[in-house]
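Since the structure comes first, as structure tokens, the remarks are kept for the end.
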Amino acid sequence: MTDFLLGILSSLAASAILVVLGLLRGARPLWWLITAFSRYTGTGLGRVYRHQSSAEQDLARDLRRARWVKVLAGRGNVLTREVFSTVWSQGASPQSVQILLPDPDASEDSWLDRRSQEVSRFDPGFTRGLLRSQVRTNIDYLARVTQARDGIELRTYNLPNNCRVIATDCAAYLTFYSASAHGRNSPCLYARAPGILYTAALRQFDAAWAHATPALPTPFP
């Protein structure tokens with residue numbers, strides 16, 4: 001768990017950088033300032049998206065070019081959207097895809113339940129079991145995908161799901177979930193390889209992967 005805790009500390013450090021750069025508001029004309037800053041500090045930070053959802057076009061482009069993909073998500077809805085469609089296609093370029101989703105069958109007071117309670121404070125339609133149900137649905141979707149495409153491995157975790165990491169061999173997209181907003185409305189960092197943030201993202205993923213278990217989809221009829 002030491003690596004995981006180090007990953008959390010790295011996430012906090014990245015959050016501090018985000019606060020400093022928050023005034024930039026993710027505007028494309030100002031991204032060159034962020035790039036200059038990252039080169040000077042070695043962070044590898046290339047862009048800041050004000051909302052995670054606004055990064056999907058660039059993410060889809062990077063996924064089409066990737067040799068491998070690693071995903072650590074708090075729910076996994078992005079995996080079922082168009083942005084990942086090329087990854088699931090036969091003959092897709094990523095040779096290896098590793099996915100981590102929260103364990104929807106973990107005991108009461110799991111980290112998934114804690115996040116669900118957190119979201120319910122600002123989204124009244126978010127009932128206690130809704131997040132578990134959505135994660136199960138995404139796991140079932142991916143189980144079907146793995147039947148049609150090789151090189152995909154899915155595991156589940158019961159650890160603090162307070163961030164999303166989507167990494168390739170070239171870059172990583174990091175979202176730090178807010179206690180008062182859905183992940184899609186939270187800021188997203190784009191970190192190039194090599195760099196401090198990119199390395200922290202991979203360490204975060206690898207630590208969670210080491211403590212995860214193979215996912216168990218709902219039995220098909």
Could you check the range 114-129 and list, in sequence order, the residues that are under 18 Å from the mean Cα position of the chain (by Cα) and open to solvent by less than 20 Å² (accessible area, probe 1.4 Å)?
Ser116, Val119
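Is it fair to say Gln95 is in contact with a helix residue (DSSP H, G or I) (Cβ under 8 Å, 6 or more places away or on another chain) and open to solvent by 70 Å² or more (accessible area, probe 1.4 Å)?
So Gln95 does not fit the description; no.
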With the condition kept exactly as written, say whether any residue in the range 133-140 is over 13 Å from Gly74 (Cα atoms), charged (D, E, K, R) and open to solvent by 60 Å² or more (accessible area, probe 1.4 Å).
no
Just one listed residue, out of Asp109, Asp103, is at pLDDT below 85, under 22 Å from Ala208 (Cβ atoms) and out of contact with any Pro (no Cβ under 9 Å at 6 or more places or on another chain), and it is Asp109
Condition first: over 18 Å from the mean Cα position of the chain (by Cα), closer than 18 Å to Leu72 by Cβ, of a type outside the set (A, V, I, L, M, F, W, C) and open to solvent by less than 60 Å² (accessible area, probe 1.4 Å). Can you find one or more residues in the range 105-112 that meet it?
yes
Residue ID - modelled with the highest pLDDT, chosen from residues in the range 160-196 that are part of a loop (DSSP other than H, G, I, E, B) and buried (at least 23 other Cβ atoms within 10 Å of the Cβ)
Pro187
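Out of Tyr173, Tyr157, Tyr141, report the one residue that is within 20 Å of Leu189 (Cα to Cα) and aromatic (Phe, Trp, Tyr).
Exactly one residue qualifies, and that residue is Tyr173.
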Filter the range 161-190 for residues that are over 17 Å from His51 (Cβ atoms) and either without any contact (Cβ under 8 Å) to a residue 24 or more places away in the chain or more than 13 Å from the chain's Cα centre (by Cα) (or both) and give the result.
Asp169, Cys170
Result of the Cβ filter at 6 Å on the range 121-141, keeping first residues that are without any contact (Cβ under 8 Å) to a residue 40 or more places away in the chain and of a type outside the set (A, V, I, L, M, F, W, C) and partners that are surrounded by 11 or more Cβ atoms within 10 Å (Cβ to Cβ) and outside any helix (DSSP H, G or I), at least 6 apart or interchain, is Arg132/Pro104
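The values are calculated or read from the model by the stated rules, or taken from the named source; none is laboratory data. All values reported here derive from a predicted model rather than from experimental measurement. Every residue, glycine as well, gets a Cβ built from its backbone with ideal geometry; the counts of neighbours run over all protein chains shown. Keep in mind that these areas ignore ligands, DNA and RNA; they rest on the heavy atoms of the full protein, side chains included. Shrake-Rupley method; radii C 1.70, N 1.55, O 1.52, S 1.80 Å.
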